[in-house]
1. Before rounding to the nearest 500, sum -39500 (n - 2.57) across all DSSP H runs of length at least 4 in the chain and divide by the residue total; then give [θ] at 222 nm in deg cm²/dmol.
2. Take the solvent-accessible surface of the protein heavy atoms, probe 1.4 Å, and return the percent of it on the chain that carbon and sulfur atoms account for.
3. When you count, for each residue, the other Cβ atoms within 10 Å and take the mean per peptide, how do 14-23, 63-72 rank with the highest first?
4. Top mean-square fluctuation among Val80, Val110, Val124, Gaussian network model of the chain, C-alpha springs under 10 Å?
5. Could I have the simple spin-label model distance between Val80 and Leu131, label points 7 Å from Cα toward Cβ, reported in nm to one decimal?
6. Would you kindly state how much longer the chain becomes between Ala72 and Arg17 on full extension, computed as 0.36 nm times their sequence separation minus their alpha carbon distance, in nm to one decimal?
7. Mean Kyte-Doolittle hydropathy of -1.0 or higher plus an axial Cα length of 30 Å or more: which whole DSSP H helices in the chain meet both?
8. In whole angstrom, and with the biggest value first, how far do the Cα coordinates of the chain range along each principal axis?
Amino acid sequence: MTTARHHLATIDLLRARPFPRQRGRSDVGEAGPGYHIAELATSGDFWEDPGRWEEVADQFEAERDALGFLLAERWGEPHVFSLWSVFERGTGGEELPEPWGTLSAHVPDVHLWRAEGRWMALGVSQWDRELPFQLLAVVTETDPP
């Protein structure tokens, strides 16, 4: 199975899976009431080689875009949704619904689709410049704030 097909299979699995009652780790990432987050790919960190950062950032964005192209064949063109204002609202003390509140702390934007009553999103995460990138897929019933 190719990497893209594996990622699509993971997204389909999450779309069919019920949401848990409590937040916690799952077999593919994290889940909680109303959402699943799959960690599709994770890079190495950048403590020893910070010069690779830009190359890896470009690679993860290209992987997100390629997977997004396949999802667009199913659900149409994505809406690119910036999480910057969500992050700002959260740091200002506003309580934000999950998974959006947590995602906004480390994912600048998501490519977003709505189908069959659920939101599907792809994003590239990085908590800090020395830490790994992650390609994330999100399935949620919670509307973006």
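1. That comes out to -10500 deg cm²/dmol.
2. Working: 4020 of 7960 Å².
Its accessible area is 50 percent carbon and sulfur atoms.
3. Working: 14-23: 12.5, 63-72: 16.7.
By packing density, highest mean first, the sequence is 63-72, 14-23.
4. Result: Val80 has the largest fluctuation of those listed.
5. 2.4
6. Full extension from Ala72 to Arg17 adds 17.7 nm.
7. Counting only whole DSSP H runs, the qualifying helices are 53-75.
8. Principal-axis extents of the chain (Cα, largest first): 43, 42, 29 Å.
The values are calculated or read from the model by the stated rules, or taken from the named source; none is laboratory data. The structure presented is a predicted model; accordingly, all values stated were derived computationally and were not measured. Positions of Cβ are generated from backbone atoms using ideal geometry, with glycine treated the same way; all protein chains shown enter the neighbour counts. Side chains included, ligands, DNA and RNA excluded: accessible areas come from the protein's heavy atoms. Shrake-Rupley method; radii C 1.70, N 1.55, O 1.52, S 1.80 Å.
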